[in-house]
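A.B. asks: Here it is, the structure in full.
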Amino acid sequence: MTKAIDRRLLGCGLACVLLGIALLIGGQGYYEQSQMLAQQQAQGERQRQEVLALRVELQALLASQASQLAQLEQQSQQLSAQTQQLALYRQVLASDGSAELLLAQEDITPLSQTGLFSYRLVLLQPSKTDKRITGVARIKVRALQNGVSVVLNDEVLGVAPVTLDFRHFQVLSGQLQLPSDSQAQTLELQLDLDGKALRTLSLNWPTFESE
């Protein structure tokens, strides 16, 4: 009887030892897995921070490039404007002064809306003097409506009168709207200059492919 009990106790002891060993091995494996998981999480966090840093650098680089492109575009526009002004000044210096005022440059461009046009006119005083020109300019358009020639004034075209005050040249730019039943023929610039009689400068309306 005593031997049987001893064998049972010995068996229980062995089982406890085996269970302890199994728990120890399992605990060691869990610890190693936890350590590996923590390392992977830390590595993932470092990679995420690196990606964020790269994104910030990329955004800064793109912003810098966009700023440089904008500056180049602005400088290009300024250079173009200066080139045009230089050409006008040369025209003033080369003139014999026989004409009092003229349209040195004109540009009429159709826009996406039907009947809407942008315009850019340069009123030039071809004289080497510093005499100042002052007054008011009004834009009109001579057009055909149902086969009848009519003059569309600035109110109909939606263009405000322009105050003139210059020595060599002045740029007049904006937009005008033609009525739907109108076929433009000429653009007229009516000049009401201080101390001078009313006069009108005109130019032919350009022909566009859609017309």
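A.B. asks: Which chymotrypsin sites (Phe, Trp or Tyr not before Pro) does segment 111-211 hold that lie in a coil by DSSP with at most 14 other beta carbons within 10 Å? Walk me through the numbers on the way to the answer.
C.D. replies: Details: sites: PHE117, TYR119, PHE166, PHE169, PHE208; in loops: PHE208.
Qualifying residues, ordered by number: PHE208.
A.B. asks: Search the structure for amide H atoms under 5 Å from the amide H of TRP205, placed 1.01 Å from N in the peptide plane, and list their residues when 5 or more places away or on another chain.
C.D. replies: THR186, LEU187
A.B. asks: What FRET efficiency, computed as 1/(1 + (r/R0)^6) with R0 = 41 Å and r the Cβ-Cβ distance, is obtained for GLN47 and GLU73, rounded to the nearest 0.05? All intermediate terms of the calculation are to be shown ahead of the outcome.
C.D. replies: Details: r = 38 Å, r/R0 = 0.94.
Efficiency, rounded to the nearest 0.05: 0.60.
A.B. asks: Taking H placed 1.01 Å from N in the peptide plane, check which residues at least 5 places from ILE133 or on another chain put their amide H under 5 Å from its amide H.
C.D. replies: PHE166, ARG167
A.B. asks: Between segment 104-134 and segment 164-211, how far is it from one alpha carbon centroid to the other, in angstrom?
C.D. replies: Between the Cα centre of segment 104-134 and that of segment 164-211, the gap is 7 Å.
A.B. asks: Ranked highest first by average number of other Cβ atoms within 10 Å, how do 47-53, 137-143, 159-165, 191-197 line up?
C.D. replies: Numbers: 47-53: 10.0, 137-143: 20.0, 159-165: 14.9, 191-197: 12.3.
Highest mean packing first, the order is 137-143, 159-165, 191-197, 47-53.
A.B. asks: Another question, if that's okay. Hey, with R₀ at 41 Å, roughly what FRET efficiency would LEU201 and LEU111 work out to, going by the Cβ-Cβ distance, to 0.05?
C.D. replies: Numbers: r = 24 Å, r/R0 = 0.58.
My answer for the efficiency is 0.95.
Where a number appears in this text, it was derived from the coordinates with a stated rule and is not lab data. Fair warning: this is a prediction, and the values are worked out from it, not measured in the lab. As a convention, Cβ positions derive from the backbone with ideal geometry for all residues, glycine included, and neighbour counts pool all protein chains shown.
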